[in-house]
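I have placed the structure first, in the form of structure tokens, so that the comments after it can refer back to it.
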Amino acid sequence: MAGRLLRVSSLAAAIFSSSGFYLYSRQPDPNDLILVRFGRAAAATAVISYDYLTAFKHVEFGTEEYRALRSKVHLRSAERLRDLCCANRGTFIKVGQHIGALDYLLPEEYTGTLKVLHSQAPQSRIEEIRQVIREDLGQELSELFVSFDENPQGAASLAQVHKAVLHDGRTVAVKVQHPNVQRQSSKDIAVMEALARAVHWLFPDFGFMWLVDEAKKNMPLELDFLNEGHNAERVAKMLSCFPFLKVPNIHWNLSTKRILTMEFVEGGQVNNREYMKKHGINVNKISEHLGKVYSEMIFIHGFVHCDPHPGNVLVRKCPQSKKSEIVLLDHGLYQELQPDFRLDYCRLWKALIAGDMSGVERYSRRLGAGDLYPLFACILTARAWNAVTAGIGSLPVTHSEDVEIRTNAALYLPQISELLNRVPRQMLLLLKTNDLLRGIETTLQTRAASSSFLNMSRCCIRAMARHKRTEAPSSSRRLRITLAENLDLWTLAAYELLLWMRDSALLRWLTALLSGHRL
């Protein structure tokens, strides 16, 4: 027995000492250790949960005091969550960015606080970038590029982008994945899932497991840069009908799962009004074009770029044509819509624009909203219920309405959680995309414009006509469908012309001139 104990203790000592030597020789970053990352996440979750459990004990529900205290607790918790994301980096920042984009779904304290994660992503050291390139491309930087800017053009949660020049003189953008993200992501998501389940056990109204489910499904796709490159080429071909859209070309010989080399394109972020003013770019035209691009993706093709935050959408004057262009970047996250889902979504938007409440209820229920269809309609459009019932194309967006929507996001958080757990998974990224696009429109001050609804209406008309033609039994029936489609599109064009004339400065001048002449 003593001999056995001696052998076991000797083996344990050997393992311990060799592990210690390994860790000493590798000198790992404490941030990369799963125990450290899990400990931070567990501690933050415990503190946030305790705050919500104890803060409201002596305050009456629904009072002004309760609402003021709830806002403070939301803000404290959001700041703790932000600090956790910044400390653990990688997948945590990516999920935090997702939460920060849900403007009309979550309380403003959370979305406003977590939005900073788009500009606080960590940078990898140039030595780490060199190592990733050496491992994946098998050559040194100096062998692959004439020059390589060591300061990144931008850093995101999963990667950073460097400007470089090839030996043939072409300028490229080299997107390099942070070295430890691939290895950490599955463990980080497991940690998030375990902690989210614990929070759900403490607070049954907490229904945000869908966030973890989406991260589990989408993170492997976003970490595969070859997938991103294929998405970029697919969408460039799919939307080649738009001369104002630019998607950078991919250099496949210098791309791997962790490295994506593409054409370098300069421009200003789509929410930068000063850049547009300086370069003579029409803000309203950019907003209209962005609406056209996304309506085409969603309603016609069912292949949707789901990360249109301002850093991924640039604007510029094309060096050749001198016309304004939208540059679409970061093609890692796309949602492919099933045909039945896409058509029901299309029918729902037609009903919402027209104020057809029976259609709104019918298609909301078909998309999984059930009895929560009024809430679903308000979330989808970011409009108040009175605007939905009147038809969202007929009433302009007002500041007071936006405030009302944000306030209701805090009041109806349990119902919103339930709704988001009901709807198909395809809907979740669409909601995020809608919110990001609305955020851009708000910054550009173009949310009140009718062009987005007109573009959506056109795409809905075309999508429904295309579907009917595929099911038409005869060529004469297909011809009638095409004629009806063209009539609807012409009617819409006439309505758009009427709106333009109503708002035209020339028309107002002529009206004033004629009125003065009559006097």
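If I stretch the segment between Tyr50 and Arg183 completely, what's the gain in nm (0.36 nm per residue apart, minus their alpha carbon distance), one decimal?
That pair, Tyr50 and Arg183, stretches by 44.7 nm at full extension.
Work from the charge dipole of region 163-244 (Cβ charges, +1 for Lys and Arg, -1 for Asp and Glu, about the Cα centre) and give the residue of Ala164, Leu239, Leu223 farthest towards its positive end.
Most positive-ward Cα: Ala164.
Using the Cα centre of the chain as origin and beta-carbon charges of +1 (Lys, Arg) and -1 (Asp, Glu), tell me which of Ala55, Phe376, Ala493 is placed farthest towards the positive end of the dipole.
Result: Ala493, furthest along the dipole toward the positive end.
I'd like the Karplus ³J(HN,Hα) series for region 320-332: coefficients 6.51, -1.76, 1.60, θ = phi - 60°, whole numbers in Hz, and an x wherever there's a Gly or Pro.
8, 7, 6, 9, 5, 10, 9, 10, 9, 10, 6, 9, x
Size of the dipole of region 63-142 about the Cα centre, Lys and Arg at +1 and Asp and Glu at -1 on the beta carbon, nothing else charged, in debye to 20?
Charge dipole of region 63-142: 180 debye, to the nearest 20.
Tally Lys and Arg at +1 and Asp and Glu at -1 over the other residues with C-beta under 11 Å from the C-beta of Gly332: what net charge comes out?
On the way: positive: Lys94, Lys175; negative: Glu222, Asp224, Glu228, Asp307, Asp330.
Computed value for this residue: -3.
So, by mean Cβ neighbours within 10 angstrom, what's the order for 262-273, 49-60 with the highest one leading?
Ranked from most to least packed, the peptides come out as 262-273, 49-60.
Skip the ligands, DNA and RNA, and give the accessible area per residue of region 62-219 with a 1.4 Å probe, whole Å².
On a per-residue basis, region 62-219 sits at 45 Å².
Residues of region 97-130 with backbone nitrogen within less than 11 Å of a virtual label 7 Å along the Cα-to-Cβ line of Phe242, please, listed as ranges.
none
If I stretch the segment between Glu60 and Asn151 completely, what's the gain in nm (0.36 nm per residue apart, minus their alpha carbon distance), one decimal?
Length gained between Glu60 and Asn151: 27.4 nm.
Quick one: with all protein chains in place, what share of the accessible area of region 269-391 is carbon or sulfur, to the nearest percent (1.4 Å probe)?
46 percent
Can you give me the accessible area per residue for region 252-363, using a 1.4 Å probe, in Å²?
Values: 4440 Å² over 112 residues.
Normalised by residue count, the accessible surface of region 252-363 is 40 Å².
Relative to the Cα centre, what is the charge dipole magnitude of region 343-418, using +1 at the beta carbon of each Lys and Arg, -1 at the beta carbon of each Asp and Glu, and rounding to the nearest 20 debye?
Here region 343-418 has a charge dipole of around 240 debye.
Through the Karplus equation 6.51 cos²θ - 1.76 cosθ + 1.60, θ set to phi - 60°, convert the phi angles of region 475-484 into ³J(HN,Hα) values in whole Hz; use x for Gly and Pro.
So the Karplus estimates, Gly and Pro as x, are 5, 5, 5, 5, 5, 5, 5, 5, 5, 5 Hz.
For region 45-137, what does the relative contact order come out to in percent, with C-alpha contacts under 8 Å and a separation of six or more?
Relative contact order here is 23 percent.
Normalised by the residues of region 231-388, what does the relative contact order come to in percent, with Cα pairs under 8 Å and at least six apart? Display every interim value, and only then the final one.
Values: 190 pairs, mean separation 30.5, N = 158.
Contact order relative to length: 19 percent.
What shape does region 203-304 have by the C-alpha gyration tensor, where a ≥ b ≥ c are the square roots of the eigenvalues, rounded means a/c under 1.5, and otherwise prolate means a/b greater than b/c and oblate the rest?
It is oblate, given that a/c is not under 1.5 and a/b is not larger than b/c.
Of the accessible area of region 71-159, with the probe set at 1.4 angstrom, what percent is carbon plus sulfur? If you can, show how the numbers build up before the last one.
Working: 1690 of 3780 Å².
The nonpolar share, carbon plus sulfur, comes to 45 percent.
Starting from the residue with the highest accessible area, list Lys237, Lys72 in decreasing order, probe 1.4 Å.
Highest to lowest solvent-accessible surface, that is Lys237, Lys72.
Quick check: the angle from helix 64-88's long axis to the longest principal axis of the chain, C-alpha only, nearest 10 degrees?
60 degrees
May I ask you to evaluate 6.51 cos²θ - 1.76 cosθ + 1.60, the Karplus curve with θ = phi - 60°, for each residue of region 126-142 and list the ³J(HN,Hα) values in order in whole Hz, giving x for glycine and proline?
4, 5, 5, 5, 4, 5, 4, 5, 4, 5, 8, 9, x, 9, 7, 3, 5
Can you give me the angle between helix 181-202 and the longest principal axis of the chain, using Cα atoms only, in degrees from 0 to 90, rounded to the nearest 10?
Helix 181-202 sits at roughly 80 degrees to that axis.
Residues with beta-carbon under 9 Å from that of Ala472, excluding Ala472: net charge, scoring Lys, Arg +1 and Asp, Glu -1? Can you show the working numbers first?
Numbers: positive: Lys468, Arg469, Arg477, Arg478, Arg480; negative: Glu471.
After counting each charged neighbour, the total is +4.
How far is helix 2-26 tilted, in degrees, relative to the longest principal axis of the Cα atoms in the chain, given as a value from 0 to 90 rounded to the nearest 10?
50 degrees
Once you charge only the Cβ atoms, +1 for Lys and Arg and -1 for Asp and Glu, what is the size of the charge dipole of the chain about its Cα centre, to the nearest 20 debye?
On the way: 64 positive and 54 negative charges, 175 e Å.
Using only the charged Cβ atoms, the result is roughly 840 debye.
Please give every one of the lysines within straight-line cross-link reach of Lys57, meaning a C-alpha to C-alpha distance under 30 Å, and leave out same-chain neighbours fewer than 8 residues apart.
Hits, sequence-local ones excluded: Lys72.
Relative contact order for the chain using alpha-carbon pairs under 8 Å, separation at least 6, rounded to a whole percent?
Normalised by residue count, the contact order of the chain is 13 percent.
Using the beta-carbon distance between Glu418 and Leu226 and R0 = 56 Å, what value does 1/(1 + (r/R0)^6) give for FRET efficiency, to the nearest 0.05? Could you put the intermediate results ahead of the total?
Details: r = 38 Å, r/R0 = 0.68.
Once the sixth-power term is evaluated, E becomes 0.90.
The values are calculated or read from the model by the stated rules, or taken from the named source; none is laboratory data. Keep in mind that what you see is a predicted model, and the values were worked out from it rather than measured. For neighbour counting, all protein chains shown are included, and Cβ atoms are generated from backbone atoms with ideal geometry for every residue, glycine included. Keep in mind that these areas ignore ligands, DNA and RNA; they rest on the heavy atoms of the full protein, side chains included. Shrake-Rupley method; radii C 1.70, N 1.55, O 1.52, S 1.80 Å.
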